[in-house]
1. For the stretch 99-139, which positions are among the acidic types (Asp, Glu) and not in a helix (DSSP H, G or I)?
2. Here is a list: Leu187, Leu216. Which entry is part of a helix (DSSP H, G or I) and either modelled with pLDDT under 70 or more than 22 Å from Glu335 (Cα to Cα) (or both)?
3. Please go through the stretch 422-443 and give me each residue that is surrounded by fewer than 20 Cβ atoms within 10 Å (Cβ to Cβ), in a loop (DSSP other than H, G, I, E, B) and at pLDDT below 85, ordered by number.
4. From the list Phe144, Phe169, Phe102, pick out the single residue that is at pLDDT below 70, out of contact with any Pro (no Cβ under 7 Å at 6 or more places or on another chain) and of a type in the set (A, V, I, L, M, F, W, C).
5. Can you name the strands (runs of 3 or more DSSP E) wholly within the stretch 5-79 that have at least 1 residues being assigned by TED's automatic domain parsing to the domain that holds Gly106, of a type in the set (Gly, Ala, Ser) and surrounded by 13 or more Cβ atoms within 10 Å (Cβ to Cβ)?
6. Could we say that Leu266 is at pLDDT 85 or above and either in a strand (DSSP E or B) or within 22 Å of Arg334 (Cα to Cα) (or both) here?
7. Test Asn85 against the stated conditions and say whether it is exposed (fewer than 15 other Cβ atoms within 10 Å of the Cβ), at pLDDT 75 or above and out of contact with any Lys or Arg (no Cβ under 6 Å at 6 or more places or on another chain).
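The values are calculated or read from the model by the stated rules, or taken from the named source; none is laboratory data. Predicted model only: the values in this text are computed from it and were never measured. Note that we place each Cβ from the backbone using ideal geometry, even for glycine, and neighbour counts take in every protein chain shown.
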Amino acid sequence: MTSIDVPIYSDSASVIGSIKIFAPYEQDDAIVRISHSDAEKYSEEEIQIYEATRYEYEINPSSFRVVLNTGIGALRQSSNPSRKNCGILDLKAYVGRLGIKFFGEGDQLVGHSAVEVRSRKISYRDDLRTMIEDITEHAVELAFELRAPTTLKALPDPTHDSQIAYQQFAFLKGLLDKKSFKDALQLVLNRPHERVNSHLVQKDIRKGFRPSGKNLSQVARGVNRFPVPERHPLAARANSLPFTLSVGSSSPTRDVVENRFVRFVLEQFSLFLAGLLEGITKLNRREHSRLLADCNSLIDFLANTLNHKTLQGISGLQRIPISSPVLQQKSGYREVLQAWLKFDLAAKLFWVGGAETYELGKRDVAKLYEYWAFFKLFDIFSQRFPQSPGTLSVLFEKTTDMLGLKLRAGKNLTFYGQASLGEVQVNARFDYNRTFRRHYSIARAGSWTEQMRPDYTVSLWPNDCTEDEAEASGKISHIHFDAKYRVETIQEMFGEDGDSTSIDINEEFAGVEETRHKRDDLLKMHAYRDAIRRSYGAYILYPGSTGKAWTEFHEILPGVGAFVLKPGSSDDALSKFFDDVISHIASSSTRADVALYTADKYDGVKSQVSS
């Protein structure tokens, strides 16, 4: 559709006007309206637009003034005095519920409205959820490995801080709404663990049953007997028989401690969410409508699960069967146990860097992608260079009643690891937002031009020297990565194969609109590799479909390029690249080549500095 009217509601929920949103020229698919049932099912607004798209708007009545309650400043009012009710809506990388407030005369709030802003480069419902779940899983796993929850006693109170409420729910939803957790519950409900109960029942001796040795003594000594007819085959052996015998019987039961534990876990989850919901209702209900809807949806899911026939008639749990082989090993039960163990920690985990990402239904997908890529790279790095549990304390800080995740855009985090690669011991360093400052000395780490700060840097050097010594002698290798969510295709970054179009710097500075492919990202990778000393690779991570890499020589390094890193897709190519780089660095001949390459590369720079 080319345009749509979004109703403006007063506090009493009556329609008092509208804001008409216009799609860009020849982009009729830039505005979508989903059904009311789908909006409720997915906790979304019915009217939906897209990120990184420029829309125009018109407000009726024209006396209303509009602001966004997100702080992104994406509205630009028309400069025409007679068209103050019109303007531009440019959302950049904003994704999520976009709340809009309307003010009348005297800056009085008169109404509100909302639309859903969807992502283009990834699936809005599936991939975005996957990133949030992956971040949750990695953060909780690492915090759990750190054993931090032993020092945290009280749960934080969400009733006075909307950020805490959003953070708690985001982490808990990521934990409980995972497909693996829901699949585990279905496995428990469809194939529950059962125990066979054995007990005695009274059987009429005249009816068929399988006798045992114990029954013979009952035949001889049992009371309440009746005479055996003279012509009966048993008359020669016994003149009377008891009417009934006590016979063993068995029947399966689901009322076992493992199923009691599953019910207990679901009830604990429900109780906590109910408390969180109560706290949210004390905040501004209109601004937090998305959180309320999501919380209610998860509570309904847990309630429906508790009402399943498998969990009906299950007794209350008297003890936690933590050592049960069923809970430890059986599929379904094992995942429920892990979720319960992490649940308390997830409820206390607060992510400072995620405040902007989750606040008021907003999802800054570009930042979210950068954080998600950090955990993917950190996981690949940690698998190859194991770290002691104490190293993980770099990621977390403890407060009175919270455990803070320190991952934040622009803030440096450093991790060290070590591994044996054949006969070579290799030290490794993984950095998030490491700053390489300008240094003229070629013996020091840094840039010989201007300050550089890649998103992620992996540094490798042999164990026979310190990091500073490795820098000075050229034995260290830096490899850089940048997360580029906004890029969709490899051609957008690097152009078509064989494209010989040059880049006119003067034309760019003159402000002439480019009609060619932008090469800024490729140039930035060259800047990292060429300006930061001892750098042998610089690569873009983006949610596309095709990767590409160039090498300066026949070996894997030095090089520049791009890797596909997308939610739901394999990271095999990136993992293989790490393995190839490690093998390359570990090679004795390569180490000599690297030192020689370093000396040749910076010999001219040293001469210039000394002169």
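1. Hits for the stretch 99-139 are Glu116, Asp126.
2. It is Leu216.
3. Gly422, Glu423, His439, Tyr440, Ser441, Ala443
4. The unique qualifying residue is Phe144.
5. By residue number, 15-22.
6. yes
7. no
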